[in-house]
């Protein structure tokens, strides 16, 4: 972002960056930056809080009054990424003949469909539709149990895209099932990897690919780095 | 250390280009300015081309569109905030409100989306796609951009 600020400024457009990595804003020194120590992925801080979002924008636009730069100002509020799994019910076991994650993904379909109907758009679809999510989990289950990932039939042959689509399917469904306050910055990730059968399957398949000599990018980016 | 703390610590160590003699634009009065959003969230309209891993290109987003897909390839940040409220990444409704109140002059007709995970040298967005996107916004009469990172 800070790099793009220099590019746009050079083209004659005044820029303001909402910085999320303070050290990078210091190093790249864009003309005007408001550093926002908010959860990564939420540069305006709080979903469904127009008042707070307007406060961020007002502080950003105020930097336009400066007559020289670079300008780097910190937003006074820090929002920590919530690191507790969100409270979200999961479907009961329905078909014990299936791997648990496949059964679970099938059980979440109605919640996913409600989410899609409400939002009108889904980010599932890099390499497969929602219909294919249970089967893809079955493939990851097989990989976790020893099948060579290159012959497992993963959609697109792309471990990373498959995991994105699975996690997106779960997270979009879960937004329809969450009890209590809105999930914080890491709460849904923690729920997926620490609470769901799908998360456990992804982690197990990732470990299996790693342990069988799969190249680093093939397995590493299947999950967040700290996993 | 939670995931955000780890990512911030890691990102702080990444190489960063230096800009000698950086440009500085004296902005037009905000109440008369046309404002656009530039995001690195890899958002794109649902019927537009998705982002590939390592994509150095950009997508233009018509100001009327709200059916946006998150096409970012990094698993290392929250993907759910933007599903709850597009404005937490792409504050299009907030800009519309500011235009209605007369705080800004106008909302630009088009906005720009890049993918945040770029090659370390960021050469393409510096020398090719970044200037091309800026030229597109200049054509639309954009005076000010607010850049939102992901």
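The values are calculated or read from the model by the stated rules, or taken from the named source; none is laboratory data. Because the structure is predicted, anything quoted here is derived from the model rather than measured. With ideal geometry, Cβ positions are generated from the backbone for all residues, glycine too; neighbour counts draw on all protein chains shown.
Take the residues of region B:29-48 that are outside any loop (DSSP other than H, G, I, E, B) and within 13 Å of the chain's Cα centre (by Cα): which is surrounded by the fewest Cβ atoms within 10 Å (Cβ to Cβ)?
As a first pass, look at region B:29-48 and keep what is outside any loop (DSSP other than H, G, I, E, B): B:30-32, B:34-39, B:41, B:43-45.
Of the ones still in play, those that are also within 13 Å of the chain's Cα centre (by Cα) are B:35-39, B:41, B:43-44.
On the way: B:35: 25, B:36: 30, B:37: 24, B:38: 27, B:39: 30, B:41: 26, B:43: 29, B:44: 21.
So, considering only residues that are outside any loop (DSSP other than H, G, I, E, B) and within 13 Å of the chain's Cα centre (by Cα), the one surrounded by the fewest Cβ atoms within 10 Å (Cβ to Cβ) is B:44.
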Subset tally (residues that are assigned to a helix (DSSP H, G or I) and either touching a helix residue (DSSP H, G or I) at 6+ places or on another chain (Cβ under 9 Å) or modelled with pLDDT under 95 (or both)) for region A:39-55: 3
Residue B:25 vs. criteria facing chain A (nearest Cβ under 8 Å), modelled with pLDDT of 95 or more and assigned to a strand (DSSP E or B): no
Among (1) at negative phi; (2) touching a residue at least 60 places away in the same chain (Cβ under 8 Å), the one test that residue A:158 misses: (2)
Residue that is more than 14 Å from chain B (Cβ to nearest Cβ) and either within 23 Å of residue B:87 (Cβ to Cβ) or exposed (fewer than 14 other Cβ atoms within 10 Å of the Cβ) (or both), where the choices are A:82, A:131, A:113, A:103: A:131
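Yes/no per residue for (1) surrounded by fewer than 15 Cβ atoms within 10 Å (Cβ to Cβ); (2) facing chain B (nearest Cβ under 9 Å):
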{"site": "A:49", "(1), (2)": "no, yes"}
{"site": "A:53", "(1), (2)": "no, yes"}
{"site": "A:59", "(1), (2)": "no, no"}
{"site": "A:68", "(1), (2)": "yes, yes"}
{"site": "A:72", "(1), (2)": "no, no"}
{"site": "A:75", "(1), (2)": "no, no"}
Restricting region A:25-45 to residues that are at the interface with another protein chain (Cβ under 7 Å from one of its Cβ atoms) and surrounded by 23 or more Cβ atoms within 10 Å (Cβ to Cβ), the residue that is nearest to residue A:78 (Cα to Cα): A:39
Condition broken by residue A:207, with the remaining ones in (1) closer than 15 Å to residue A:89 by Cα; (2) touching a residue at least 24 places away in the same chain (Cβ under 8 Å) satisfied: (1)
Near pairs, Cβ below 6 angstrom, 6+ apart or cross-chain, from region B:1-28 (within 16 Å of residue A:19 (Cβ to Cβ)) to any residue that is at pLDDT below 90 and not in a loop (DSSP other than H, G, I, E, B): none
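Could we say that residue B:51 is surrounded by 17 or more Cβ atoms within 10 Å (Cβ to Cβ), over 19 Å from the mean Cα position of the chain (by Cα) and part of a loop (DSSP other than H, G, I, E, B) here? First the steps, then the outcome.
Working: surrounded by 17 or more Cβ atoms within 10 Å (Cβ to Cβ): yes; over 19 Å from the mean Cα position of the chain (by Cα): no; part of a loop (DSSP other than H, G, I, E, B): yes.
Taking the combined requirement at face value, the residue does not satisfy it.
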Of the criteria (1) surrounded by 22 or more Cβ atoms within 10 Å (Cβ to Cβ); (2) facing chain A (nearest Cβ under 8 Å); (3) in contact with a helix residue (DSSP H, G or I) (Cβ under 8 Å, 6 or more places away or on another chain), which one residue B:16 fails: (1)
Among the residues listed as A:64, A:108, the single one being more than 8 Å from chain B (Cβ to nearest Cβ) and either closer than 27 Å to residue B:108 by Cα or in contact with a helix residue (DSSP H, G or I) (Cβ under 6 Å, 6 or more places away or on another chain) (or both): A:108
Answer residue from region A:186-198, given it is within 11 Å of chain B (Cβ to nearest Cβ) and in contact with a helix residue (DSSP H, G or I) (Cβ under 6 Å, 6 or more places away or on another chain) and is nearest to residue A:106 (Cα to Cα) among those: A:192
